[in-house]
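The values are calculated or read from the model by the stated rules, or taken from the named source; none is laboratory data. In this text, all values refer to a predicted model and were calculated from it rather than measured experimentally. FYI the Cβ positions are ideal-geometry reconstructions off the backbone, even for glycines, and counts take in every protein chain you see.
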Amino acid sequence: MKFVQRVTLVVFWGFTLLFFNKTVIISFSTYYQTVYNSFGKTLQNDTNKILLFHGRNISTQFESFYINASDNELMDPFIHQHRYELLLNQNVKCKGKNVFLLMFVHMAPVNFDGRNLIRSTFGSILKFQNKRIEHVFVLGKTENVTLQLEIEHESKRYMDIIQGNFIDSYRNLTYKLIFSLFWVNNFCNNAKFVIKMDDDIIINIPLIIPYLAEKLKAGKTVNVLECKTITKNIPVRERNNKWFITPEEYPFTKFLPYCAGHSSIMSIDVVRKMYRASKNVPYLWLEDVYGSGFLSLLLKLNMCMPKFYFEPVISSLYDKPCSLFYLNILKNDTNALVLWHTITQYEKRVNCTFRY
């Protein structure tokens, strides 16, 4: 009976948020139900079976596996000891500037075309409504000497590439994330807001700057973590799958809520907190689960997703641009250019139906 009541409560608040709020928030009820399903057993009001962790009931299994980690689980040189070295740096990118928004873009070293596409579209905007915007491309190292020389030449020309001393690979994306936080903390900690994004995202600059400016005006500039929220996802156990994860790496049947990896908005305090917190959370190679899942849990952060957060590029090429982000799933450069043209066409006269 109690279970039915919980489900009813979740559905009620879900519809309330959907129709009467501008953001969808990972509420206590949703989080509780996710944890309930993740561990396959009832969480009872018994102090021997649960841990009350910043207002959320967390299984002692999860607590012992991730929160009370042993010293030998916190020995990763990049995640826990932060032994990053800068192979390429842009230490003057934010120095002496009143940076309103910093965008850091996770990108493969070989993707020269992708970087040029961003430089010719939203990355070309250095100021909007008198707000300073900066961007950097975040790369890991490559063992291809010729490719490295080309990247170094590109870096000297555009002054927007940072490169860390870890191999750039899909399973090293968590290293890339914490490296990005390391760089922001050390070289751009004067920014107000930070966007983490992949190379398949197009940012609607004429919309996102006023949106964030409203937050600044309202004094809502701390504990900001906005993204496409994932609340129902399970570990992949098929060995041939790209996202295969072993029970030893993650022993539970479901993931806790986390942000989809393609993009997220953070206030600068969240960047600082996440960077520090990474020292105390065991490594997981799934960057989105680790970063916005485990670290935000530890930091008591609520993930929020504005209703107008993102849309697919392919279905939005000629429509009024009323979303903050557009996901270029097909990675089609032509479509990206068409959409950016649509965004710039509407720049002065966009009249979207939502309120900030």
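Structure above, values below:
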{"item": "Top-ranked residue in region 120-148 [being under 25 Å from the mean Cα position of the chain (by Cα) and either part of a helix (DSSP H, G or I) or outside the structural domain of Cys188 (by TED's automatic domain parsing) (or both); ranked as farthest from Glu214 (Cα to Cα)]", "result": "Ser120"}
{"item": "Options Tyr283, Tyr250: the member that is hydroxyl-bearing (Ser, Thr, Tyr) and either within 15 Å of the chain's Cα centre (by Cα) or more than 20 Å from Phe182 (Cβ to Cβ) (or both)", "result": "Tyr250"}
{"item": "Counted residues, region 331-344 - those being touching a strand residue (DSSP E or B) at 6+ places or on another chain (Cβ under 9 Å) and of a type in the set (A, V, I, L, M)", "result": "3"}
{"item": "Failed criterion for Pro77 (all others in (1) surrounded by 18 or more Cβ atoms within 10 Å (Cβ to Cβ); (2) over 29 Å from Asp333 (Cα atoms); (3) without any contact (Cβ under 8 Å) to a residue 60 or more places away in the chain hold)", "result": "(1)"}
{"item": "Test: Phe104 is in contact with a strand residue (DSSP E or B) (Cβ under 6 Å, 6 or more places away or on another chain), assigned by TED's automatic domain parsing to the domain that holds Lys176 and of a type in the set (A, V, I, L, M, F, W, C)", "result": "yes"}
{"item": "Scope region 140-152; condition of a type outside the set (D, E, K, R) and either at pLDDT below 95 or surrounded by 10 or more Cβ atoms within 10 Å (Cβ to Cβ) (or both); matching residues", "result": "Gly140, Thr142, Asn144, Leu147, Gln148, Leu149, Ile151"}
{"item": "Pair list, Cβ < 6 Å and 6+ apart or interchain, from region 266-285 residues that are under 30 Å from Ile209 (Cα atoms) to residues that are polar (S, T, N, Q) and in a loop (DSSP other than H, G, I, E, B)", "result": "Ser267/Thr221"}
{"item": "Number of positions in region 151-194 that are touching an Asp or Glu at 6+ places or on another chain (Cβ under 8 Å), aliphatic (A, V, I, L, M) and in contact (Cβ under 8 Å) with a residue 60 or more places away in the chain", "result": "4"}
{"item": "Every residue from region 342-356 that is within 17 Å of Ile203 (Cα to Cα), modelled with pLDDT of 70 or more and outside any helix (DSSP H, G or I)", "result": "Tyr346, Glu347, Cys352"}
